[in-house]
Structure formats: C-alpha cells, structure tokens
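Every number in this text was worked out from the coordinates using simple rules, so none of it is lab data. Just so we're clear, the structure is a prediction, and the values are computed from it rather than from any experiment. Backbone-built Cβ (ideal geometry, glycine too); neighbour counts: all protein chains shown.
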Amino acid sequence: MAAQNADAVNTASVQDLAGRLRPNFTLGVAAAAFQIEGALAADGRGPSGWDAFAEKPGSIMNGHSPAVACDHYNRAPEDVALMKELGIDSYRFSISWPRIQPDGRGPFNTQGLDFYDRLVDQLLAAGISPMATLYHWDTPLPLEHSGGWMNRATAERFAAYAAAAGRRLGDRVAQWVTLNEPVSVTLNGYALGVHAPGRDLLFDALPSVHHQLLGHGLAVQALRAGGVTGGIGLTNLHSPVRPASRKLTDRLLAKVFDLVLNRVYADPILLGRYPKPPLAARHWFKSLSKASDDDLRLISQPLDFYGVNYYYPVKVAAGKGPADTPAGTAHAMMRVPFHLAAFPEYATTGFGWPVAPDHLGILLRELKDRYGAALPPLYITENGASFPEPEHVTGPIADSGRIEYLAHHLDEAVVSTAPGGIAHDVELLGYYVWTLMDNFEWAAGYSQRFGLVHVDFETLKRTPKKSFYWLQSLSRARKALA
Ligand code: IFM
C-alpha cells in the first residue's frame, strides 16, 4: 500500500469517513499503565513481573528501561489536555494492579487508587468517557513468584483487586475491560518466553488460559456485586489465521494455531465450552478439556460488550521455522512443527506486520459466523501501527503511513458493519486507536513508535504528529455533522 503525504489525506476523505460514523459511535484512543506511567517505585507501587523481566539482560531491545516511560504518572493532566484537544469521545487506560495492591493480596494502596481517581475526574471534566482495563499484563511480582497465571489462585486474587477498583471508581467509569489480550499473556509470556514472565512452556502454558478466563469471570461477578454503573467486557487480540497452502498439513496446523490464537479464549467466553481440537492435536490441549462445568459457567457470563484488538492476519505453514515474518521469530517457535509465513502481497509496518485492513472485515465476519447471537456488541479496542520515526523532532512529523493505516482500518470497520457490508450483522460500538503517544513497546523497548503524539524519551516532550491532527479533524467533522 503506497504511503501518501499526510496533507493529502484531504478534507473530502475525512468528511466521507465522518459521514459514515453513526452518531453514537465511540472514537477513542487506548494506552496501558506499564507502557506510559513510569514512576515504578512511587507512592507505594509494588514491582510487577514486567519490572523483573525488563531487568533481565537481553530481554528488552537495546536494554531500554520502562522506569520512566512517558512519565505519565506525573504528567497525566498534560496528557488529558492533549486528548481534549484531540476531541475524542473516550480514553481506554489500564489500571496498574501493583500500584493498587503492591503484593497482589492484602492491603490496597490508597495513593495508587487516588491517582486513578484523579485521572477519571480529569477525563470527565474534559468530556472524555473513561474505559478502564483492569489487567494489561502487570502482574504483582509476589503473585508471579507463586506461578502467576499458571496458578489458579491468581484468579481469586484478581477478583479481589477488581472489586477494590470497582468500589473506588465504579460510579464514574463508563466501561470496564477485565483482561487485555489474554492470548498475548499466554503465548508471549508463558509459551514462548518473549514477554514476562519469560517462560517457554509451549502447549504446557495452556492452564494460564483457563486461569485468566476464570479471573475474568470472577472479576465480572465482583464488579457486578459491587454495583458498578458501567458496562463490563473483555478484550482479546484476534487475527484471521490462514494456511500457507491447500496442503493437508498446512490446513491442519493453521487450525491448531487458530485455536491457540483465537478460539481457546473466545469459545469458552461466548459459548461456554473449549473448542474441540483436531484428533491429531488433542494431546496438546488436554489440560483445557478438564475444565469443570462450574468454571465454564463463570467464564461465560453475559457481557455488555466484547473488545477486539486487530493488527494483522496470520499465515501458518507446516515445518519448523525460521518464520518468514518478524511476528513469529521467538526462539521457542523452533520447537513446534510449524512456523508463521509472510503475506508478500501486503506492505508492512515498522514491526514488519502486514498492513491488511481488508482482514478486519473478514475477522468481524468470522466472529459473527462463529458466535452468532452469542456475540455481544463489539468495540475495536485497539488498532494502530508503528513506523520508523526520528527520536527528536521540532514539529509535527508527517506520519502519512499511520494516517493511511488508521483511515483504511476505521473505514473497513465501519463499512463492513454497515448495511450491505460483509459483517453487516455485527453491532460495532466504537474504535480505539493504539495509541495516544509513543511508549514502551514491551520487548521492543522504545524502538517501535505507535503514537499519534511523538514522545522524545530524553526530554519527555510531547509533539503531536500529523496523524493527531487527522484524527482531530475527523472528530470535528463528525461533530459538525451531528
Ligand atoms: O503495545 C501493544 C499493547 O500493549 C497490546 N496490544 C498490541 C500493542 C502493539 O504491540
């Protein structure tokens, strides 16, 4: 997909796109505590599994440290002012569990709760609706030491923390997301070892799926019992999975990867059961087949919405790696009988991810085909792209690739779910750009810039990019039409 000049994303296309957004469609931006807050030892916060992982030599690209990140903890009012200028309807942020409950059990940290209390008030005063994610990967370290999500007890701990967050913020948060991308936690953290806690258990990591989902179910119960006024859902990363060829082995292994990436999360949540693996792969999934009916009932409680994070489709080929695509290069992948293959027909982002907006519509169709009436209304809770950009800037950079990426994906989301679209029967409530500002991109450190706002990690100066002004003109055009 050819990049175009940011200035050439003309008013007409912004107007067209604005005209296609339903009046109550939510436009937002998303971020996560560990990626932006810094202040890891301030105000009683305890360490998380990610603090410890990031300290291990070799775990983060260029040895980058999350200690300061964007210093959002000390600059939240400035960041809320930026969002107000952006004109978005909603901000999806995450609450740091170890800031609220440093040990992951026992007493809650009032100063931590106060920070999010102020943030929510600042957002509301700016006319921005708060969507709060309870878990975006920062498990309190003492819990990680007891096995983290491989230990069933973590689910109970999570529910107690969720109840405390609900008690404090439940009168003002509009939407609650229990977990962000349980698939990334299991796959990257417990199966492949490229994220915290750095374990490479491959298929033996699957109990961490069940325990996260149990944590989700218990947290839903706890929030509802506490009388929170907002809607409750969960967010997962979803990618259409394709076999590299029509060969039987490619098709079989693509099916297996589809289970691991998509279905072992969405099926139990939306259908109350784990999917049946193909016979030849059944041994890999045996831990999930033992889930009790009581657990599955808890996991499949009705939700107010379901969050979908979409970045790119995935192609699977039989045979050991190396992968033909940067997304599948974890060392542990060399121990499974398949690898990820490239989509040569698509341009790629800075991360090497295929830019495939058409697959967003395809994904929404697949979700509706799989889950039918059980699929709640959806939000796209994350979508965005990183591109190589300078570390220091003097003004708005022309990030035309990002503008084009966002415009095409948002358009695909809206057009595919409109009457006559391929996913016309999906109810799409909104779309959140990943992300407000450049931040700590996990194992890639600060090397991948996804933000609408450039952050200079030496001075911490925020400089909006052209994509910021593009989204601002879209928000304005939309309001003018209302
Ligand atoms: O930065 C991450 C985010 O934390 C979870 N979803 C994907 C993003 C881009 O990699």
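Using alpha carbons only, how many angstrom separate the centre of the range 19-59 from the centre of the range 79-95?
The distance from the Cα centre of the range 19-59 to that of the range 79-95 comes to 14 Å.
Give me P(r) over the range 424-482, computed from all C-alpha to C-alpha distances, binned every 5 Å, as integer percentages.
4, 16, 19, 19, 15, 12, 8, 5, 1, 0
Could you work out the helix-only [θ] at 222 nm for the chain, with each DSSP H run of four or more residues adding -39,500 (n - 2.57) and the total divided by the number of residues, to the nearest 500 deg cm²/dmol? Provide the component values of the computation, followed by the final result.
On the way: 16 runs with 174 residues, N = 482.
One gets -11000 deg cm²/dmol as the mean residue ellipticity at 222 nm.
Which number do you get for Rg(Cα) / (2.2 N^0.38 Å) in the range 110-152? Numbers along the way, then the final one.
Numbers: Rg = 14.7 Å, N = 43, 2.2 N^0.38 = 9.2 Å.
For the range 110-152, the normalised Cα radius of gyration comes out at 1.60.
To make sure I understand, if each residue's beta carbon is the centre and we count other beta carbons within 10 Å, what order do Asp200, Asp16 fall in, fewest to most?
Values: Asp200 17, Asp16 13.
If I rank by nearby Cβ atoms, fewest first, I get Asp16, Asp200.
I need the shape label for the chain. Rule: rounded when a/c is under 1.5, else prolate if a/b > b/c, else oblate, with a, b, c from the alpha carbon gyration tensor. Don't jump to the answer; show the numbers that get you there.
Numbers: a/c = 1.29, a/b = 1.08, b/c = 1.19.
Here the chain falls in the rounded category.
Run the Debye formula on the Cα coordinates of the range 80-184, all scatterers equal and no solvent, and tell me log10 I(q)/I(0) at q = 0.10, 0.19, 0.23 1/Å.
-0.29, -0.92, -1.22
What area, in nm² and to one decimal, does the C-alpha convex hull of the range 284-395 cast on average over all directions? Let's see the in-between values first.
Details: hull surface 45.0 nm².
For the Cα atoms of the range 284-395, the hull's average projected area reads 11.2 nm².
Counting only the backbone N, which residues of the range 315-337 are under 20 Å from the spot 7 Å out from the Cα of Ser245 toward its beta-carbon?
Residues 315-325, 336-337 fall inside that zone.
Rounded, prolate or oblate, given the Cα gyration tensor of the range 13-168, with a/c below 1.5 counting as rounded?
On the way: a/c = 1.90, a/b = 1.63, b/c = 1.17.
It comes out prolate by the Cα gyration axes.
Quick check: convex hull of the Cα atoms in the range 369-482, volume per residue, rounded to a whole Å³?
Residue-normalised Cα hull volume stands at 133 Å³.
Give me the distance between the Cα centres of the range 379-402 and the range 230-272, rounded to whole Å.
29 Å
Any chance you could list P(r) for the range 241-297, counting all Cα-Cα pairs in 5 angstrom bins from zero, rounded to whole %?
4, 20, 26, 22, 15, 8, 3, 2, 0
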